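Visitor: This is the structure I want to talk about, given as structure tokens.
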Amino acid sequence: MVKSNEMSFGLICIFVMVFAIEASDVSLTAEPASIKDGITKTLQMKCSLQRAHQRDDAAQSRAEPSTMTVNSISVTRDDKTTIASISSRHPAIASADVDTITVRGEITPGVGSNYLLLTWTKPGINQAGIYTCSINATDNAGRGVLYKSNTYICHQRPNEDEILKYIIQLEDRLSLTETEVQECKQSLKTELTAIRLSLNNSQSHLQGQIDILKTQDATTAASLKRLETGASSLRTDLTAIQNSLDSYVAEEGVVYFGSSQSFRPPGLNARSRMVYVKFTKTFSKLPTVVCNLHALDADKGTNTRFKYYARDLTTAGFNLYCETWWDTLLHGIDIKWRASIP
């Protein structure tokens with residue numbers, strides 16, 4: 001008889017535990033919902049427990065979030081990898097993707113402060129999958145409640161239009177940066193010119209004083225020597241400033257490679273064309289060369305494949321290469337370059 005009662009009690013406990021497991025009321029949001037290689041910069045996901053909507057009295061009394069004590073929040077991917085978690089015993093920590101993810105969260109009494117926030121930097125295909133948010137809580141009767149919610153993050157390769165749009169955005173940023181550099185350079189030149197003019201005026205004034213002193217009595221020779229030394233120091237400073245201004249030089253241009261049908265060797269293997277770029281003025285030391293796509297006319301009947309790079313850099317010039325392969329047909333491609341000494 002005692003064994004029968006023990007068995008009945010065990011069945012009742014199992015029934016209560018399963019009965020207390022609830023769904024919904026969990027907010028799992030992700031921005032964006034899809035990852036595109038090279039374009040998506042960040043992926044942010046937030047899991048939190050929301051206040052329950054109006055439900056029947058029995059369900060309301062079982063798992064009303066306002067009466068819940070949240071014990072832990074965790075996020076898993078594809079039901080096998082725990083990404084991050086937080087509990088009443090430990091702060092928010094990352095268990096996977098630790099090189100690209102930051103996490104933060106909070107568990108406190110009440111609904112509004114219970115959340116787990118995940119942020120990936122430069123997400124890729126490894127971050128795609130089905131994500132599950134699990135919130136373990138205890139109701140006011142001491143029963144365990146498990147809330148779950150799922151969301152799917154897909155991975156897409158950007159199409160040609162998106163890549164070109166992204167390249168245009170990068171070129172716009174580069175153009176803005178170059179404009180700012182030119183404005184800064186012009187401002188620096190203006191300031192240096194003003195300094196040089198001031199130094200010239202000071203030098204002329206000192207030279208005039210020297211000429212006056214030369215006509216005076218020999219007793220002023222010591223003072224004359226000091227003024228000559230000052231004038232020499234000013235000339236040195238002026239020369240140093242002028243040399244610094246002259247060394248801050250830059251040159252840029254565009255190379256027109258034309259159609260890829262002129263690239264060698266012909267066929268479907270990698271083929272390229274090389275153009276030697278000669279600077280209009282030889283640099284005083286080896287410059288830094290940056291290349292960017294300036295214009296592109298690609299045949300829509302084939303995939304667009306190309307790369308460009310600079311080699312054999314000297315103070316007088318460098319070789320600029322443009323390469324394509326397989327069946328790609330480029331009707332025209334222009335590469336912009338810029339060489340500068342900081």
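Visitor: Could you tell me which of the residues Leu313, Leu296 is assigned to a loop (DSSP other than H, G, I, E, B) and modelled with pLDDT of 95 or more?
Guide: Step by step, each of Leu313, Leu296 is checked, and only Leu313 is assigned to a loop (DSSP other than H, G, I, E, B) and modelled with pLDDT of 95 or more.
Visitor: Checking the condition open to solvent by less than 80 Å² (accessible area, probe 1.4 Å) and among the acidic types (Asp, Glu), which residue from Glu180, Glu228 passes?
Guide: The match here is Glu228.
Visitor: OK, next. Please determine whether any residue of segment 234-241 is within 30 Å of Asp312 (Cβ to Cβ) and open to solvent by 30 Å² or more (accessible area, probe 1.4 Å).
Guide: Within segment 234-241 (the criterion being within 30 Å of Asp312 (Cβ to Cβ) and open to solvent by 30 Å² or more (accessible area, probe 1.4 Å)), the answer is no, since none of the residues qualifies.
Visitor: Do you know which residues across segment 77-128 are in a loop (DSSP other than H, G, I, E, B), in contact (Cβ under 8 Å) with a residue 12 or more places away in the chain and among the polar types (S, T, N, Q)?
Guide: Residues satisfying the conditions are Ser88, Ser95, Thr100, Asn114.
Visitor: Name the residues in segment 280-293 that are under 30 Å from Glu160 (Cβ atoms), touching a helix residue (DSSP H, G or I) at 6+ places or on another chain (Cβ under 8 Å) and open to solvent by 40 Å² or more (accessible area, probe 1.4 Å), would you?
Guide: Within segment 280-293, Asn292 is the sole residue that qualifies.
Visitor: Can I ask one more? Of the residues that make up segment 147-158, is at least one open to solvent by 90 Å² or more (accessible area, probe 1.4 Å), under 30 Å from His294 (Cα atoms), touching a residue at least 12 places away in the same chain (Cβ under 8 Å) and under 21 Å from the mean Cα position of the chain (by Cα)?
Guide: Among the residues of segment 147-158, at least one is open to solvent by 90 Å² or more (accessible area, probe 1.4 Å), under 30 Å from His294 (Cα atoms), touching a residue at least 12 places away in the same chain (Cβ under 8 Å) and under 21 Å from the mean Cα position of the chain (by Cα), which makes the answer yes.
Visitor: Search segment 17-46 for residues being outside any strand (DSSP E or B), open to solvent by less than 30 Å² (accessible area, probe 1.4 Å) and in contact with a Pro (Cβ under 9 Å, 6 or more places away or on another chain), and hand back the single one that is modelled with the lowest pLDDT.
Guide: Top of the filtered list is Asp25.
The values are calculated or read from the model by the stated rules, or taken from the named source; none is laboratory data. On a predicted model such as this, the values are computed, not experimentally measured, just so you know. Cβ atoms come from the backbone with ideal geometry, glycine included; neighbour counts cover every protein chain shown. With ligands, DNA and RNA removed, areas are computed over all heavy atoms of the protein, side chains included. Shrake-Rupley method; radii C 1.70, N 1.55, O 1.52, S 1.80 Å.
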